[in-house]
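Here's the structure, in structure tokens; my notes come after.
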Amino acid sequence: MPYHTNDPVRTSWISYSKSTHFPIQNIPFGVFLTRENMITIGTRIGDYAIDLGALQELGYFNQVPLTDDMFMQDTLNDFISDGKKTWRLVRNRIADIFDSDNAELRDHDAHRERVIFHINEVEMQLPVLIGDYTDFYSSKEHATNVGRMFRGEDNALTPNWLHMPIAYHGRSSSIIPSGKSINRPMGQFPNADEELPSFRPSEKVDFELETAFITTDANKLGEPVSIEEAEDHIFGMVLMNDWSARDIQKWEYMPLGPFLGKNFATSISPWIVTLDALEPFRCSGPEPEQKPLPYLQQKGDKNFNINLEVEIIPESGSPTVVSKSNSKYLYWSMAQQLAHHTVNGCRINSGDLLGSGTISGATKESYGSLLELSSNGKEPIKLNDGSTRNFVEDNDTIRMTGYAYNQGVTIGFGELTNTLIPVVSKSSKRGK
Ligand code: MN
């Protein structure tokens, strides 16, 4: 099934700036509330959200074999289940409808009025009903930095790390969209001088700069997905902030791994950028330092060159860029993660979310968490307003962005922005 949406010379009759993350070559998918408070599946070009439900109702997808209400739903799960052929037919058709030379919708005022909304008029929702959520640990730099802090230089990488993509099973109930605020979590902490642990708010709330991918139904229980076909089951990618409470995590993680230090919030960016849109930005990954077992051996360029950035915006409002990283640094690719996840027969469904793990590069400017940037609170980082941070403070906003660029085309994810607010207080009805 050919796709022609990536053609870098294609232009749209919707005008946008050269620096937009959403040129006509992107055509991501999301779910939003319209100004009439209707929920719909949509795409985005420049600063405009496009109601695909309305387009379908008006007959613009008649030549594409789709169920009647495909886009009049509040999640993308059914569309994703339809598979790669449908995704490509739909993206091709959208690219045609919005092509500069196509007058169908361009010259139809009443239809345009129904279908197109300024992005500020809509409210983005979670794009899929996430059944299962897994978070990997696939950046060697991140795993080494964290391991060094907790186990010392000699045991920084655990013995299994170079042989398999390590992961934990997260919790989908606390995955939230960009824009939603997060309460500082309470937890328990060991107390050197006392018999009982103490119970208080976490003092080490952190962000984790990650990308994540969303799958389609990949297999039946008991059937592994081979590395060669793994990418066929990946619909697209989002930015992800795997909010973490380092002090809760440190006390609870033995022997079963992350739990309450992670599951109070994980946020994802609203637009799913398809793997097809990212294809021009494919690149090689780090050279393997150990030959992986055959089921993890991947041929060709396995990574994507996506620039990633994190800003801290204190309540005062002046942002500071604290990290610049790139998804090309990942040691284990998405295909390797998916092949490993299913090698025992574990089932993967439409709308599952698989996170990369914190993406750190080799230098300090590219570390993807405050744990690494502040050396676990020993070396506070400076913000532009003169204040310092070891970890995230109350009313700080964390903004993540990501984009790929070449041949004059930028394909981006937009923003993932969430604010940490104080602990929920039962005695007070204030709060935001
Ligand atoms: Mn993580």
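Numbers for the structure displayed
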read-out	value
Candidates Ser350, Ser198, Ser360, ranked by Gaussian network fluctuation over the chain, Cα under 10 Å, top entry	Ser198
Where only alpha carbons of segment 147-195 are counted, the Rg and the Dmax (Å)	17.3, 41
Highest-MSF residue in the chain out of Pro292, Pro23, Pro224 [GNM, Cα springs under 10 Å]	Pro292
For the chain, calculated [θ]222 nm from helices alone, where every DSSP H run of n ≥ 4 adds -39500 (n - 2.57)	-4000 deg cm²/dmol
By average C-beta atoms within 10 angstrom, highest first, the peptides 397-405, 72-80	397-405, 72-80
Cα convex hull of segment 351-422 - mean projected area over all directions, nm²	7.6
Square roots of 5 times each gyration tensor eigenvalue, C-alpha, the chain, largest first, Å	37, 26, 20
Glu194 - accessible surface, heavy atoms, 1.4 Å probe, Å² rounded to 10	120
Ranked by how many other beta carbons lie within 10 Å on average, peptides 383-389, 237-243 from highest	237-243, 383-389
Rounded if a/c under 1.5, otherwise prolate or oblate - segment 1-118, Cα gyration tensor axes	rounded
Where the Cα pairs of segment 112-208 fall when distances are cut into 5 Å bins, in %	2, 8, 11, 13, 14, 16, 14, 8, 5, 4, 2, 1, 1, 0
For segment 234-291, convex hull volume per residue from C-alpha positions, Å³	163
Cα gyration tensor of segment 213-335 - equivalent ellipsoid semi-axes, whole Å, descending	29, 21, 16
5 angstrom amide H check on Ile45, placed H, neighbours 5+ away	Ile50
Under 5 Å, built H, 5+ apart or other chain: amide partners of Asn395	Leu420, Ile421
Average projection area in nm² (convex hull over Cα atoms of segment 53-147, one quarter of hull surface)	9.7
Inverse mean reciprocal Cα-Cα distance (Kirkwood Rh) of segment 274-399, Å	16.9
Candidates Glu309, Glu123, Glu372, ranked by Gaussian network fluctuation over the chain, Cα under 10 Å, top entry	Glu123
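The values are calculated or read from the model by the stated rules, or taken from the named source; none is laboratory data. Please read all numbers here as calculations on a predicted model, not as lab measurements. Neighbour counts are summed over all protein chains in view; Cβ atoms, including those assigned to glycine, are modelled from backbone coordinates with ideal geometry. Keep in mind that these areas ignore ligands, DNA and RNA; they rest on the heavy atoms of the full protein, side chains included. Shrake-Rupley method; radii C 1.70, N 1.55, O 1.52, S 1.80 Å.
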